[in-house]
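Asker: Structure incoming, see below.
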2 protein chains.
Amino acid sequence: MTDVPSPPVAARRRPGRSSGSARPGRSTARYRALKHRFPPTPVVSEDELEAIHDASLTILEEIGMDFVHDEARQILKRAGADVRADSARVRFDSDLVLQAIKTCPSEFTLHARNPERNVRIGGKHLVFAQVASPPNCSDLQGGRRAGNQRDFRNLVRLAQRFDIVHAVGGYPVEPVDLHASIRHLDCLSDIAKLTDKPFHAYSLGQARNRDGLEIVRIARGITHQQLEAEPSLFSIINSSSPLRLDTPMLQGIIEMSSRNQAIMLTPFTLAGAMAPVTIAGALAQQNAEALAGIAFTQIVRPGAPVVYGGFTSNVDMKSGAPAFGTPEYMKAVLAGGQLCRKYGIPYRSSNACAANTVDAQAAYESVFSLWALLQGGANFVLHAAGWMEGGLTSSFEKFILDVDLLQMVAELLTPLDVSPAGLGLDAIREVGPGGHYFGTAHTLERFETAFYAPIISDWRNFETWSEAGSPTAMQKANAVWQKELAEYERPPMDAAIEEELDAFVARRKQEGGAPTDF
Amino acid sequence: MTDVPSPPVAARRRPGRSSGSARPGRSTARYRALKHRFPPTPVVSEDELEAIHDASLTILEEIGMDFVHDEARQILKRAGADVRADSARVRFDSDLVLQAIKTCPSEFTLHARNPERNVRIGGKHLVFAQVASPPNCSDLQGGRRAGNQRDFRNLVRLAQRFDIVHAVGGYPVEPVDLHASIRHLDCLSDIAKLTDKPFHAYSLGQARNRDGLEIVRIARGITHQQLEAEPSLFSIINSSSPLRLDTPMLQGIIEMSSRNQAIMLTPFTLAGAMAPVTIAGALAQQNAEALAGIAFTQIVRPGAPVVYGGFTSNVDMKSGAPAFGTPEYMKAVLAGGQLCRKYGIPYRSSNACAANTVDAQAAYESVFSLWALLQGGANFVLHAAGWMEGGLTSSFEKFILDVDLLQMVAELLTPLDVSPAGLGLDAIREVGPGGHYFGTAHTLERFETAFYAPIISDWRNFETWSEAGSPTAMQKANAVWQKELAEYERPPMDAAIEEELDAFVARRKQEGGAPTDF
């Protein structure tokens, strides 16, 4: 025979089991502070890594990068970069870049209004943040629709429900029913109230950055000085590949870095479209853009917290559509990790997929992404839960699926118990050849917590599963998010703080919000 | 913003693209000889590995293992094992086991009737074999049904269609419409004719092993002497966990190993059922069973090719049903690889899942399995394509999905081109800030082969995909296997060999086939 399993053993039904998402009898709070345990997997040799590094420095020296912001160029000029009149182009001597990035902290704490939700970014730490920025959202009943405040709030509430979601990564869906001038005020104050986790502010002009900083300061109930001492807000800065940083991105770095808040500098280098068709070439360009932006943060304020974001993937050469979770994406993620370890800078990656529905494709693209980012030693994972369609849709069901996948990754990172009790020789002696372990004391002491109890996986046999209507993983996820949302409770917030927050939002709305000419 | 992708760029439709499974303009023959490139990931420390190793030797010394076969016990007694009258129990001195396994080859070639399909097992080599042994099969149109000859043959034909499927792992579905006495004759001669790849014979009694050896000898057109010099058949030997090897399994080892054919010794140690509820305990038991069986192969014939099979997973503690692709399964696969590297014995693993349909669960359990076996350095992967329901069903759609997943793993193992041309500095100079790479010479020279073209993944945008009827990965896989089956061609076989094969099968059928009293 080859591995024909015995028919499922009908073990006695144990008391105290529920079908809830939280593990019965086992707190999920242990999912809050994750650390890597495995040595990272290199995909290129040391020499090849040097070749990518050298190519990126050559790009910055010879070709340069467009910094579309006068003040940024003046700052860079003062720092010694090659900035010429009437041109956005900035060229960097390699030494300038390499000296500047030396002040990047290798790890830092991102503070939340609930100190138990603070996250450590860098080193061996692993932080998961919810999906950010899709213009659409979807669920099984409601279908696909444009983002709106109701869905936005529900997705934020779901982020609060799971300890494995450590941070809110941005707007989990873009609520386009809110006017752009005041959207950031409503959204950020919602996030600050509906969750007690660290969060993100978009860099879409100075006013929005400053409003975000004030909202997080009020929510934490701290002074400006304490905020500057404790990074409490992060902002993703995307270069406009190839080789350009636009005005709001550079304003964002100036506003955030000068106040010691976290920047995640992420080139979006799609090989074959905005980057060379080769992954090594796309990585060289990614690295040039990342190093230039990261160096800028350190020139603005040496020691300001900054994260290196890798987002190199390939496009479908038939349609030009971005692809994710591909072998090429995996290699880029692994190589990006090697670059970050070389520089001693925390590494940001993503749980990405291009699927249009929560089917096998969505799952394999996501697990390939998780595989690469775990073996690549990523420290911060944006879009960790909920991302679909290459970022165009936030799916309620995919969010639940991803929570399950992330929890499985967290379980993989827990050590095996190889103590004498873990090895269980006494149980093996007791059972002996031909027996079974269902009733042994060793089993009974451990069965409730021995294994991860998945949210989604349906392990019923085919007949029972068929009688239940042959539910797919997507249908199971659908039931779970509805239950979790129904059970959502707002985390406590001091009444005075909430009042101050509301007053700030009301005042800024009265002032007209932020400019919409970005 | 955070990583909002641009709308898909409508690149020009390129000529010469097809939607076939084979990569246009690129042979898939390069998927034939795969090698690991990454350092394996350890899940336990060296000390912890020693503790598992020591525990398994203690099990074999103190508890022993039941060898349910007189001849096997006599062989072991002559070799110095502690064998007592009127008991199946055999206890092994640690030195006896460790001395015996020293003669295991660290790698060997498994020969096929087409020498281009020979596979190398061990070292850095990675071999994928089709699903084996499910009693049922299923496809989208036909639903789930008991195994039968027609489906058996179609699944064997599909194995022949893809270079990434390196071997036939057994019967891809059990054809229960064939009488058990002659089933092996029909099935093995079918496999020998319908494919030119290496294959497996079940150890279900001496007669079946010997018929299998004769069929492979005839198919290869070689002498008995050459067959004995060139391992050409393999047989999975499952211990009956805990700690028992049954009669047909031990007969199989004697028949196969004495003729220098390959044994894959695989304990099926489900933590919480047939093994301790702790993964470390299940691994200690797995290792004891594997070492005892492997030692027996070497006592039968020192140097006989043998593979260490790891199949430790957990059960659902609610129902007792086996679970696969879980975090616990992954840890067991990683640790099993560490044990095999310690002993210098090739390592067999599986692409396992417990899902009832080809949904997200099927995909994530499979990719978690592939993740673990790749990072665990597995050399031979049984059930690599087609396995569902923990081995109870062979799915035509899952087979295609798995082929796609395996090809992606193979692509991950191809090196990045970090040459000057791969780094593409000239293209980056040409495009410069703010441009795009669609039309550059660097892109045009490479776009056809730059990226893996997946079989299943649907990268169309949501609108186009919706207009096409919102197909899921399962539906796409369904179309692919039907097309592949329609295009199947039998690999050439010498007429004289085919005649001899048919004559042998006819004669053995006339003789009544093999005993069915197993």
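Asker: From the phi of every residue in the stretch B:483-494, what ³J(HN,Hα) in whole Hz does the Karplus formula 6.51 cos²θ - 1.76 cosθ + 1.60 yield, where θ is phi - 60° and glycine or proline is x?
Answerer: With the stated coefficients, the stretch B:483-494 comes to 5, 5, 5, 5, 9, 4, 10, 5, x, x, 9, 3 Hz.
Asker: Go through B:Gly377, B:Leu392, B:Val403 and say which Cα lies farthest out towards the positive end of the charge dipole of the stretch B:315-474; charges sit on Cβ, +1 for Lys and Arg, -1 for Asp and Glu.
Answerer: The residue sitting most towards the positive pole is B:Gly377.
Asker: Answer rounded, prolate or oblate for the stretch B:67-194, using the Cα gyration tensor with square roots of eigenvalues a ≥ b ≥ c: rounded when a/c is under 1.5, else prolate when a/b is larger than b/c, else oblate.
Answerer: oblate
Asker: From the backbone phi of the stretch A:371-382, what are the Karplus-calculated ³J(HN,Hα) couplings (6.51 cos²θ - 1.76 cosθ + 1.60, θ = phi - 60°) in whole Hz, Gly and Pro given as x?
Answerer: After applying 6.51 cos²θ - 1.76 cosθ + 1.60, I find 3, 5, 6, 6, 6, x, x, 4, 9, 9, 10, 7 Hz.
Asker: Would you please give the residues with an amide H less than 5 Å from that of A:Thr440, counting only those at least 5 places away or on a separate chain, with H modeled from the backbone geometry?
Answerer: none
Asker: Return the average number of partner chain Cβ atoms within 10 angstrom of each residue Cβ along peptide A:462-474.
Answerer: Partner Cβ neighbours, averaged per residue: 4.
Asker: Which semi-axis lengths, in whole Å and largest first, follow from the square roots of five times the eigenvalues of the Cα gyration tensor of the stretch B:55-136?
Answerer: After diagonalising the Cα gyration tensor, the semi-axes are 33, 18, 14 Å.
Asker: Alpha carbons only, please: Rg and Dmax for the stretch A:441-500, in angstrom.
Answerer: 19.2, 58
Asker: P(r) for the stretch B:181-334, please, calculated from all Cα pair distances in 10 Å bins and given in %.
Answerer: That works out to 12, 36, 29, 19, 4, 0, in percent per bin.
Asker: Dipole of chain A, Cα-centred, from +1 at each Lys and Arg C-beta and -1 at each Asp and Glu C-beta, to the nearest 20 debye?
Answerer: For this selection, approximately 900 debye.
Asker: In whole Å, what is the distance between the alpha-carbon centres of the stretch A:415-473 and the stretch A:306-321?
Answerer: 41 Å
Asker: In nm, one decimal, shortest first: how far is the label point of B:Asp93 (7 Å from Cα along Cα to beta carbon) from the matching points in the other copies?
Answerer: 7.5
Asker: With only Lys, Arg, Asp and Glu charged, each at its Cβ (+1 for the first two, -1 for the last two), find how big the charge dipole of the stretch A:364-518 is about the Cα centre; round to the nearest 20 debye.
Answerer: The calculation lands at about 280 debye.
Asker: Using the heavy atoms of the protein chains alone and a 1.4 angstrom probe, what is the accessible area of chain B per residue in square angstrom?
Answerer: With all protein chains present, chain B gives 31 Å² per residue.
Asker: Work out how far the C-alpha atoms of the protein assembly as shown reach from end to end along every principal axis, then list the three figures in whole Å, largest first.
Answerer: 95, 62, 51
Asker: Provide the buried accessible surface between chains A and B in square angstrom, both chains summed, 1.4 Å probe, rounded to the nearest 100.
Answerer: Roughly 12100 Å².
Asker: Okay, moving on. In nm, what does the list of distances from A:Ala180 to its counterparts in the other copies look like, shortest first, when each label sits 7 Å along Cα to Cβ?
Answerer: Values, ascending and in nm: 7.3.
Asker: Convert each backbone phi in the stretch B:280-291 into a coupling constant with the Karplus relation 6.51 cos²θ - 1.76 cosθ + 1.60 (shift: θ = phi - 60°), then list the ³J(HN,Hα) values in order as whole Hz, x for Gly and Pro.
Answerer: Taking θ as phi minus 60°, the curve returns 4, x, 5, 5, 4, 5, 3, 5, 4, 5, 5, 4 Hz for the stretch B:280-291.
Asker: Taking all protein chains as present, what is the carbon and sulfur share of the accessible area of the stretch B:46-133, in % to the nearest whole number, probe 1.4 Å?
Answerer: Percent of accessible area from carbon and sulfur atoms in the stretch B:46-133: 43.
Asker: Note down the relative contact order for chain B as a percent, whole number, built from C-alpha pairs under 8 angstrom at least six residues apart.
Answerer: It rounds to 19 percent for chain B.
Asker: Taking the Cβ of B:Met65 as the centre, find all other residues whose Cβ is under 9 Å away and add up their charges (Lys, Arg: +1; Asp, Glu: -1).
Answerer: Charge balance in the 9 Å sphere: +1.
Asker: Copy-to-copy spacing for B:Arg78, label 7 Å out on the Cα-to-C-beta vector, in nm, shortest first?
Answerer: Here B:Arg78 shows inter-copy label distances of 9.0 nm.
Asker: So for chain B, Kirkwood radius off the Cα pairs, Stokes-Einstein at 10 °C and 1.306 mPa s: how many µm² s⁻¹?
Answerer: Rounded to a whole number, D works out at 66 µm²/s.
Asker: Now a separate question. At a 1.4 Å probe radius, carbon and sulfur cover how many percent of the accessible area of the stretch A:255-303?
Answerer: Carbon with sulfur: 51 percent of the solvent-accessible area.
Asker: In addition: By the scheme Lys and Arg +1, Asp and Glu -1, what is the net charge of all other residues having a beta-carbon under 12 Å from that of B:Tyr347?
Answerer: +3
Asker: So, in Å, what gap is there between the alpha-carbon centers of the stretch A:248-276 and the stretch A:128-157?
Answerer: Going from one Cα centre to the other spans 24 Å.
Asker: Buried by at least 50 Å² relative to the chain on its own: which residues of the stretch A:221-263 qualify, computing accessible area with a 1.4 Å probe on protein heavy atoms?
Answerer: A:Asn238, A:Pro242
Asker: Starting from the amide H of B:Met264, placed 1.01 Å from N in the peptide plane, find each other amide H under 5 Å away whose residue is 5 or more places distant or on another chain.
Answerer: Placed amide hydrogens put B:Ser235, B:Ile236, B:Ile237, B:Val307 under 5 Å from B:Met264.
Asker: A further question on this structure: Where in the stretch B:322-350 does accessible area fall by at least 30 Å² between the isolated chain and the complete protein assembly, at a 1.4 Å probe radius?
Answerer: Buried by 30 Å² or more upon assembly, which counts only protein chains, are B:Pro322, B:Pro327, B:Glu328, B:Lys331.
Asker: Another question, if that's okay. Considering only protein heavy atoms and a 1.4 Å probe, what is the carbon-and-sulfur percentage of the accessible area of the stretch B:386-518?
Answerer: Carbon-and-sulfur percentage of accessible area, whole number: 53.
Asker: So, by mean Cβ neighbours within 10 angstrom, what's the order for A:340-352, A:491-503 with the highest one leading?
Answerer: A:340-352, A:491-503
Asker: Another question, if that's okay. By its C-alpha gyration tensor, with a ≥ b ≥ c as the square roots of the eigenvalues, how is the stretch A:378-467 shaped: rounded for a/c under 1.5, else prolate for a/b larger than b/c, else oblate?
Answerer: Because a/c hits 1.5 or more and a/b fails to exceed b/c, the stretch A:378-467 counts as oblate.
Asker: Also, quick follow-up: For chain B, what proportion of DSSP beta bridges, expressed in % and rounded to the nearest 5, is antiparallel?
Answerer: 40 percent
Asker: Hey, another quick one. Where nothing but the Cβ of Lys and Arg (+1) and of Asp and Glu (-1) is charged, how large is the charge dipole of the stretch B:75-137 around its Cα centre, in debye to the nearest 20?
Answerer: 100 debye
Asker: Sort the following peptides by mean Cβ neighbour count (other Cβ atoms within 10 Å, averaged over residues), highest first: B:425-436, B:276-287, A:203-214.
Answerer: B:276-287, A:203-214, B:425-436
Asker: Across the residues of A:409-417, average count of Cβ atoms on other protein chains within 10 Å?
Answerer: Taking the mean over all residues of the peptide, I get 6.
The values are calculated or read from the model by the stated rules, or taken from the named source; none is laboratory data. Quick caveat: nothing in here was measured; it's all calculated off a predicted structure. Heads up, the Cβs are rebuilt from the backbone with ideal geometry, glycines too, and the neighbour counts pull from every protein chain shown. Protein only, heavy atoms only, side chains kept; ligands, DNA and RNA dropped before computing areas. Shrake-Rupley method; radii C 1.70, N 1.55, O 1.52, S 1.80 Å.
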